[in-house]
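Student: One structure, pasted below without further comment.
The values are calculated or read from the model by the stated rules, or taken from the named source; none is laboratory data. Computed from a predicted model, the values in this text were never measured in an experiment. For neighbour counting, all protein chains shown are included, and Cβ atoms are generated from backbone atoms with ideal geometry for every residue, glycine included.
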Amino acid sequence: MRSLNGATAVITGGASGIGLATAHSVAKRGARLVIADIHADNADRAVADIRADGHTAEAFVCDVAKEQAFADLGEFTRQRYGSVDIVMNNVGVLTSGRPDHLPVGEWERIIKINLMSVVRSNAVFLPQLISQGHGHIVNTASFAGLYTYSYDRIPYAATKAAIIQISEGLRLYLHPLGIGVTVVCPGPVATNILATMPPTFGPEVQTGLPGEQFGILQPEEVGEQVAEAILNDTFMVYTDDQVRDVLVERATDWNSFIAKQTEKLAQR
């Protein structure tokens, strides 16, 4: 997109963390916002802050795990603004537990929220974007979807890896139709995602880290990266470019890479 001025952006999980930071970044570039979040108070507060800065925003209470959520969100957006130009699928939740202690129901919860929310979003918004011949989709994944550095959050990592694959497929399909696709793969970012994580299932476990070279970013830094990616039609956004070295190492010799990762976890 050459400009965000006057564009309508829908952001799920938009009342905190990367979603909220992105909302502020695209709003200051002229976009109109729909902040969709499960927490009404947080959504209202986010909208109030954006409006206080002189921008346009509406709040929508949305549980992305519900079947009807995106149909309602799409209708709300059309009633308020008439169209949708940018859709950011940003909701993500964590779980923790050793693989033999994670119940099937917890797998289902994570998949329903993290992965199926993107599927439901596509079902609602893709036809409109294709029909109008322009727009941009942003999907939030994670370093955890790019390579494995721990074993206690496999459901989260699996959904984030799936989101990367979905995003690649959408890019191949939609780019010739005039629609951009960005996948954001954050490393460590100071968000409140841990606040929604249930207690660890089974024995306590110390989570592995993506790498000591990665510092903790503030959400505002990532929000700016996302806004620029939309404008520049960038597909992959690494919040820290050092992750490329990790990916090259794995691709060069995957067996040695996983052996080294295993040894690191064994030493914790």
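Student: For the subset of region 125-147 comprising residues that are surrounded by 21 or more Cβ atoms within 10 Å (Cβ to Cβ) and among the polar types (S, T, N, Q), which member is nearest to the chain's Cα centre (by Cα)?
Tutor: T140
Student: OK, next. Please go through region 39-62 and give me each residue that is in contact with a strand residue (DSSP E or B) (Cβ under 6 Å, 6 or more places away or on another chain), aliphatic (A, V, I, L, M) and surrounded by 15 or more Cβ atoms within 10 Å (Cβ to Cβ), ordered by number.
Tutor: Answer for region 39-62, where residues must be in contact with a strand residue (DSSP E or B) (Cβ under 6 Å, 6 or more places away or on another chain), aliphatic (A, V, I, L, M) and surrounded by 15 or more Cβ atoms within 10 Å (Cβ to Cβ): A43, A46, V47, I50, A57, A59.
Student: Same structure, new question: Evaluate region 63-72: report whether one residue or more is touching a strand residue (DSSP E or B) at 6+ places or on another chain (Cβ under 6 Å), touching a residue at least 12 places away in the same chain (Cβ under 8 Å) and of a type in the set (F, W, Y). Break it down into steps so the answer makes sense when it comes.
Tutor: Kept after step one, since they are touching a strand residue (DSSP E or B) at 6+ places or on another chain (Cβ under 6 Å), are these residues of region 63-72: 64.
Checking which are touching a residue at least 12 places away in the same chain (Cβ under 8 Å) leaves us with 64.
Okay, now just the ones that are also of a type in the set (F, W, Y), so none.
There is no residue in region 63-72 that is touching a strand residue (DSSP E or B) at 6+ places or on another chain (Cβ under 6 Å), touching a residue at least 12 places away in the same chain (Cβ under 8 Å) and of a type in the set (F, W, Y).
Student: Name every residue in region 122-162 that is closer than 21 Å to L209 by Cβ and part of a helix (DSSP H, G or I), in order of residue number.
Tutor: As a first pass, look at region 122-162 and keep what is closer than 21 Å to L209 by Cβ: 140-161.
Selection gives F143, A144, G145, I154, P155, Y156, A157, A158, T159, K160, A161.
Student: Among the residues of region 11-35, write down those that are in a loop (DSSP other than H, G, I, E, B) and over 22 Å from M1 (Cβ atoms). Working first, answer last.
Tutor: Just the residues of region 11-35 that are in a loop (DSSP other than H, G, I, E, B), to begin with: 13-16, 28-31.
A15, S16 - these are the residues of region 11-35 that are in a loop (DSSP other than H, G, I, E, B) and over 22 Å from M1 (Cβ atoms).
Student: Scan region 36-70 for residues that are of a type in the set (G, A, S) and assigned to a helix (DSSP H, G or I) and report the count.
Tutor: As a first pass, look at region 36-70 and keep what is of a type in the set (G, A, S): 36, 40, 43, 46, 48, 52, 54, 57, 59, 65, 69.
Then keep just the ones that are assigned to a helix (DSSP H, G or I); that gives 40, 43, 46, 48, 52, 69.
Count: 6.
Student: Another question, then. Looking at region 28-62, which of its residues are among the polar types (S, T, N, Q) and either under 21 Å from the mean Cα position of the chain (by Cα) or under 19 Å from F125 (Cβ atoms) (or both)?
Tutor: Of all residues in region 28-62, those among the polar types (S, T, N, Q) come to 42, 56.
Selection gives N42 alone.
Student: Residue under question is D49, and the condition is that it be farther than 20 Å from V189 by Cβ and in contact with a helix residue (DSSP H, G or I) (Cβ under 9 Å, 6 or more places away or on another chain); does it hold? It would help to see each step written out before you state the result.
Tutor: On the way: farther than 20 Å from V189 by Cβ: no; in contact with a helix residue (DSSP H, G or I) (Cβ under 9 Å, 6 or more places away or on another chain): yes.
Criteria not met by D49.
Student: Can I ask one more? So how many residues does region 89-108 have that are in a helix (DSSP H, G or I) and touching a residue at least 40 places away in the same chain (Cβ under 8 Å)?
Tutor: The initial filter retains those residues of region 89-108 that are in a helix (DSSP H, G or I), namely 104-108.
Next, only the ones that are touching a residue at least 40 places away in the same chain (Cβ under 8 Å) stay: 106-107.
Going through region 89-108 one residue at a time, the tally reaches 2.
Student: Suppose we keep only residues that are more than 21 Å from E75 (Cα to Cα) and small (G, A, S) within region 1-18. Which one would you say is nearest to the chain's Cα centre (by Cα)?
Tutor: Residues of region 1-18 more than 21 Å from E75 (Cα to Cα): 1-5, 16-18.
Right, trim to small (G, A, S) and you get 3, 16-17.
On the way: S3: 22, S16: 12, G17: 10 Å.
It comes out as G17.
Student: Here's a follow-up. Please verify whether region 11-27 includes one or more residues that are modelled with pLDDT under 95 and either surrounded by fewer than 22 Cβ atoms within 10 Å (Cβ to Cβ) or at positive phi (or both). If you could, list the steps in order and put the result at the bottom.
Tutor: Residues of region 11-27 modelled with pLDDT under 95: none.
No, region 11-27 contains no residue that is modelled with pLDDT under 95 and either surrounded by fewer than 22 Cβ atoms within 10 Å (Cβ to Cβ) or at positive phi (or both).
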